[in-house]
Amino acid sequence: MSSNSPQSNQKPDLDETINVTQAHGRVASESAATAREHRIADNGHEPISLWVIVACGVVLLIGGGVLGNVTSWFDYQALVKPNYVRGVPEGAENTGPVAKEALAAYSTKGQKVYTAVGCSGCHGPDGRGGAAAPSLAGSAWVTGNTQKLSMIILNGLKGPTSTGKDYGVMGAIGANLKPDELAAVMTYVRNGFGNSTSDVVSIEMAQAAKDASAKRDAPGSSLTSDELMAKHNQMLPGVALEPTTKVDPVKLTPVP
Ligand code: HEC
């Protein structure tokens, strides 16, 4: 730098405190590093090679062509067995349970009530009774007038039984039975254990029994044979069901 140059008033860096070559070198290497960092930050977003795009296009073309040609893969007819007719289960038109004859339906449900309420625990699953409870098989009060039997089930019994023998006390075991359950258990004991009255106590009759029981002076207290004979030695009002009437096996109501 000559002393008569326009910038002569600026002092030349005689001491050369800045090594220009070195300084440039540092700037160059730093900017290279920055560029590298940028590339690393782009990871995953690098532009795809043209060859990859072309290869994908070829695969799509071939695949599409194959799928388009083999129409049988998607042919509904190919999956149908010839002359196939879907089977219809018996009674399928009737969505409810299959109707049963009244005597069978009431007895089946009655047996369940007999066990569930606990009759079987005292009188035995075979109804033959024992030392603690009388036999229901062949009992005159089981096969006799329905109102007498219903009163024993709803209120219990104390004192002499139908045979004159006194077993102690039976409580109001069936007090909470619903009319259909009472009708069912009565029908069961009247036609089970070798008994055969061949009648079906209707729900209507069982409801009448519950009404008569509620009208007692002391509903729920065990009856004596005297009270039974004086007030309840009769058939229940209402019509018994024909044993062959078709009924709903669960609700026990007649079906058309
Ligand atoms: C806890 C035991 C016990 C249970 C449960 C019980 N009983 Fe009794 N049952 C007796 C006893 C005891 C007698 C006799 C009472 C007496 O000597 O006065 C009796 C009497 C009877 C009699 C009178 C029989 C006759 O010939 O005199 C009938 C009918 C009867 N029970 C039906 C039933 C039915 C139906 C059920 C279920 C709903 C039932 N019992 C549940 C203990 C029981």
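A few notes on this one:
Every residue, every condition in (1) at pLDDT 95 or above; (2) outside any loop (DSSP other than H, G, I, E, B); (3) out of contact with any Pro (no Cβ under 8 Å at 6 or more places or on another chain); (4) of a type in the set (Asp, Glu), yes or no:
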{"position": "63", "(1), (2), (3), (4)": "no, yes, yes, no"}
{"position": "67", "(1), (2), (3), (4)": "no, yes, yes, no"}
{"position": "73", "(1), (2), (3), (4)": "no, yes, yes, no"}
{"position": "90", "(1), (2), (3), (4)": "no, no, yes, yes"}
{"position": "106", "(1), (2), (3), (4)": "yes, yes, yes, no"}
{"position": "109", "(1), (2), (3), (4)": "yes, yes, no, no"}
{"position": "113", "(1), (2), (3), (4)": "yes, yes, yes, no"}
{"position": "121", "(1), (2), (3), (4)": "yes, yes, yes, no"}
{"position": "125", "(1), (2), (3), (4)": "yes, no, yes, no"}
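- When residues in segment 204-230 are screened for being touching a helix residue (DSSP H, G or I) at 6+ places or on another chain (Cβ under 6 Å) and buried (at least 22 other Cβ atoms within 10 Å of the Cβ), 4 of them pass.
- Look at segment 118-143: where a residue is exposed (fewer than 14 other Cβ atoms within 10 Å of the Cβ) and a partner is not in a loop (DSSP other than H, G, I, E, B), sitting 6+ places away or on another chain with Cβ atoms under 7 Å, you get 132/122; 132/167.
- Residues considered: 212, 172, 184. Of these, the only one that is in contact (Cβ under 8 Å) with a residue 12 or more places away in the chain, in a helix (DSSP H, G or I) and either under 37 Å from the mean Cα position of the chain (by Cα) or within 13 Å of the ligand (Cβ to nearest atom) (or both) is 184.
- Scanning segment 138-169 for residues that are near the ligand (Cβ under 6 Å from one of its atoms) and in a loop (DSSP other than H, G, I, E, B) yields 139, 161, 162.
The values are calculated or read from the model by the stated rules, or taken from the named source; none is laboratory data. The shown structure was predicted, so the numbers you read here are calculated from the model rather than taken from an experiment. Positions of Cβ are backbone-derived with ideal geometry, glycine not excepted, and every protein chain shown enters the neighbour counts.
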